[in-house]
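The values are calculated or read from the model by the stated rules, or taken from the named source; none is laboratory data. Just so it is clear, the model here is predicted, and its values are computed rather than measured. Heads up, the Cβs are rebuilt from the backbone with ideal geometry, glycines too, and the neighbour counts pull from every protein chain shown. Remember, those area values only see protein heavy atoms, side chains included, never the ligands or the DNA or RNA. Shrake-Rupley method; radii C 1.70, N 1.55, O 1.52, S 1.80 Å.
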Amino acid sequence: MTTPTTERPTKAHGVTLTSVAAQKVTSLLEQEGRDDLRLRIAVQPGGCSGLIYQLYFDERLMDDDLIAEFDGVEVIVDKMSDPYLSGAVIDFADTIEKQGFTIDNPNAGSSCACGDSFS
């Protein structure tokens, strides 16, 4: 006899978080003293190319969210953003040229000069 689970099953998405980015996320969460947050990536209309990325910490979990875990960091993608982000890689750069999270998205046909929006 199986016992019903109270947790809903989760479906994975096609986004990858590199180990460098996962370490940075873990470090940021430790600095905040929070262990209840997940990294959410979403796509919203806007920007000069049509769509913009949103990358932020979120304590909420919606019914249609897709979840994958990388080195102890849960990454959430909503169902509507998933097709635009499948195959995307989130990394963290710390160089003279750039510092911060980067998103390499094979679905982006074109992007703006600042790299914050795509189509």
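For every residue, the table says whether it meets (1) among the acidic types (Asp, Glu); (2) assigned to a loop (DSSP other than H, G, I, E, B); (3) open to solvent by 30 Å² or more (accessible area, probe 1.4 Å); (4) at pLDDT below 90.
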{"residue": "Glu7", "(1), (2), (3), (4)": "yes, yes, yes, yes"}
{"residue": "Arg40", "(1), (2), (3), (4)": "no, no, no, no"}
{"residue": "Gln44", "(1), (2), (3), (4)": "no, no, yes, yes"}
{"residue": "Ile52", "(1), (2), (3), (4)": "no, no, yes, yes"}
{"residue": "Leu55", "(1), (2), (3), (4)": "no, no, yes, no"}
{"residue": "Ala68", "(1), (2), (3), (4)": "no, no, no, no"}
{"residue": "Met80", "(1), (2), (3), (4)": "no, yes, yes, no"}
{"residue": "Ile90", "(1), (2), (3), (4)": "no, no, no, no"}
{"residue": "Ile96", "(1), (2), (3), (4)": "no, yes, yes, yes"}
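Contact map, the range 86-108: first residue in contact (Cβ under 8 Å) with a residue 40 or more places away in the chain, second residue assigned to a loop (DSSP other than H, G, I, E, B) and open to solvent by 70 Å² or more (accessible area, probe 1.4 Å), Cβ cut-off under 6 Å, separation 6 or more or different chains; pairs are Gly87/Pro106.
Among the residues of the range 57-66, the one identified as of a type in the set (D, E, K, R) and in a strand (DSSP E or B) is Asp58.
Restricting the range 82-111 to residues that are among the hydrophobic types (A, V, I, L, M, F, W, C) and within 14 Å of Tyr53 (Cα to Cα) leaves a set whose member that is farthest from the chain's Cα centre (by Cα) is Ala108. The combined condition, being without any contact (Cβ under 8 Å) to a residue 40 or more places away in the chain, more than 18 Å from Thr16 (Cβ to Cβ) and not aromatic (Phe, Trp, Tyr), is fulfilled by Gln31.
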